[in-house]
Amino acid sequence: MNKCLLCLLTLLCLISCKEKTTTEDTAKSHNSNNLSYATKFAIDGTKLIVLEPWPGALQSRTYEFETPPKRIVVTSTTHLPYLELLGLEDKLVGFVGTDYITSENINKRLAKGTIKEVGTNGAINLELLLSCQPDVVIVFDMGNESATLDKISAAGIPIIYNADFLENSTLGRAEWIKFFGALFDVSDSANAIFDQIANRYNELKSLTDNLIDKPKIFSGVMYGDAWFLPGGQNWSAQFLKDAGGTYIWGNDATSGWLEVSFEAVLNKARTADFWIGVASINSLTELAAQDLRYTYFEAYQKGNIFNYNKRLGPHGGFDFFESAYARPDLVLADLIGILHPELLPDHEFYYFQKLP
């Protein structure tokens with residue numbers, strides 16, 4: 001353990017980080033990579049500026065780097081597609097909670113032992129982390145992880161916060177590929193890849209811009225006594241709007257998630273045309289068995305329920321929650337295929353499928 005720690009301490013010259021107060025406008029004014037959609041980070045020369053490293057953070061984090069890391073650990077499946085798109089998966093040496101990974105390529109590397117699991121259920125095992133000898137750990141923090149992350153820093157491992165999950169726009173989150181591009185000194189590749197994704201997304205969106213018929217949609221399921229569904233400014237809600245739909249809670253100002261009673265959802269969504277997104281439910285029979293009241297909705301009665309469960313990993317992880325954030329163009333194509341199949345007559349669904 002001491003030997004590993006000593007080795008890790010020598011790697012601190014690769015990446016140094018410091019806290020400082022940086023306003024979003026100031027950071028953007030120095031942004032050399034022309035971010036068009038992302039609002040939670042900026043790039044200034046050899047500096048990465050994470051403007052809101054966790055929800056409600058009062059200080060930004062600035063990272064200055066000279067040499068790209070050779071060995072990294074990441075802590076969210078949403079980080080993986082950026083590495084793969086950039087051809088950097090060989091830099092990955094550790095991950096937390098590998099059962100949720102759906103990537104075939106990453107799973108092969110896990111099987112070979114070139115990537116190690118450094119914890120489970122989101123809890124990082126410091127000893128396992130040290131054994132990977134990473135140059136840096138990419139972390140996300142919902143606002144309650146400081147104790148664990150402080151221990152990692154105290155052990156001499158540089159930490160970089162990734163706050164892509166705080167972006168409210170579909171393309172804003174995908175633009176975080178430039179975050180990894182800057183870190184690994186492959187910004188040209190990151191810019192080119194993102195431009196392709198954004199151009200395709202905007203081409204698809206233009207298909208629905210002038211539609212008059214916009215089907216009504218609702219989402220989510222009951223957890224305990226509350227129905228969880230996306231707020232009107234949520235990432236998911238923008239997808240439904242851009243796909244030519246009318247999200248029933250679209251006028252809500254919430255960017256996170258809403259907890260609503262069953263009666264409130266039934267009152268607003270009983271006659272909705274589509275029900276899109278039903279957690280881990282795989283069939284109409286399973287949905288009705290979970291709560292018979294689900295059958296009261298016309299979307300159930302007409303069989304117009306779709307879920308994001310077409311692509312699953314070997315242990316049941318949903319690829320939608322891994323790669324969809326980096327590929328909003330694929331998500332939008334699926335949703336247009338659901339709501340307006342005449343616009344994409346030859347579309348093959350990637351993430352979504354109708355419940356049988």
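Could you figure out which of (1) surrounded by fewer than 22 Cβ atoms within 10 Å (Cβ to Cβ); (2) without any contact (Cβ under 8 Å) to a residue 40 or more places away in the chain isn't true of residue 321?
(2)
Filter the stretch 263-297 down to the residues that are under 20 Å from residue 237 (Cα atoms), in contact with a strand residue (DSSP E or B) (Cβ under 9 Å, 6 or more places away or on another chain) and polar (S, T, N, Q), then identify the one that is modelled with the highest pLDDT.
Here the residue is 271.
Filter the stretch 298-316 down to the residues that are polar (S, T, N, Q) and either in a loop (DSSP other than H, G, I, E, B) or modelled with pLDDT under 95 (or both) and list them by number.
304, 309
Within the stretch 35-51, restricting attention to residues that are farther than 30 Å from residue 131 by Cα and not in a strand (DSSP E or B), which residue is farthest from the chain's Cα centre (by Cα)?
45
Kindly list, by first and then second residue, each pair from a residue in the stretch 55-67 that is among the small types (Gly, Ala, Ser) and at pLDDT below 90 to a residue that is in a strand (DSSP E or B) and open to solvent by less than 60 Å² (accessible area, probe 1.4 Å), limited to pairs with Cβ atoms under 9 Å and residues at least 6 apart or on different chains.
If the second residue must be in a strand (DSSP E or B) and open to solvent by less than 60 Å² (accessible area, probe 1.4 Å), the pairs left are 57/50; 57/161.
If we only count strands (runs of 3 or more DSSP E) wholly inside the stretch 57-115, which ones have 1 or more residues that are more than 19 Å from residue 184 (Cα to Cα) and open to solvent by 60 Å² or more (accessible area, probe 1.4 Å)?
none
Can you pull out the strands (runs of 3 or more DSSP E) entirely within the stretch 181-297 that have at least 1 residues that are open to solvent by less than 60 Å² (accessible area, probe 1.4 Å) and among the hydroxyl-bearing types (Ser, Thr, Tyr)?
none
With the structure loaded, tell me whether residue 318 is among the hydrophobic types (A, V, I, L, M, F, W, C) and within 27 Å of residue 98 (Cβ to Cβ) or whether it fails that test.
Here the answer is yes, as residue 318 does meet what is asked.
One line per residue, one yes/no per condition, for (1) surrounded by 17 or more Cβ atoms within 10 Å (Cβ to Cβ); (2) at pLDDT 95 or above; (3) in contact with a Lys or Arg (Cβ under 9 Å, 6 or more places away or on another chain):
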site	(1), (2), (3)
140	yes, no, no
144	no, no, no
154	no, no, no
175	yes, yes, no
179	yes, yes, no
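Name the residue that is nearest to the chain's Cα centre (by Cα), counting only residues in the stretch 142-161 that are touching a residue at least 60 places away in the same chain (Cβ under 8 Å) and over 13 Å from residue 57 (Cβ atoms).
Checking each candidate, the answer is 160.
Only one of 174, 147 is within 25 Å of residue 247 (Cβ to Cβ) and aliphatic (A, V, I, L, M); which?
174 is the lone residue from the list that is within 25 Å of residue 247 (Cβ to Cβ) and aliphatic (A, V, I, L, M).
Among all residue pairs at least 6 apart or on different chains, which show Cβ distances below 8 Å where the first residue, located in the stretch 83-100, is basic (Lys, Arg) and the second is outside any helix (DSSP H, G or I) and open to solvent by less than 10 Å² (accessible area, probe 1.4 Å)?
Final answer for the pair search is 91/69; 91/72.
Looking at 209, 195 in this structure, which one is among the acidic types (Asp, Glu) and under 19 Å from the mean Cα position of the chain (by Cα)?
195
The values are calculated or read from the model by the stated rules, or taken from the named source; none is laboratory data. Because the structure is predicted, anything quoted here is derived from the model rather than measured. We place every Cβ from the backbone using ideal geometry, glycine too, and count neighbours over all the protein chains shown. When the accessible area is computed, the model is the full protein with side chains, heavy atoms only, and any ligands, DNA or RNA have been set aside. Shrake-Rupley method; radii C 1.70, N 1.55, O 1.52, S 1.80 Å.
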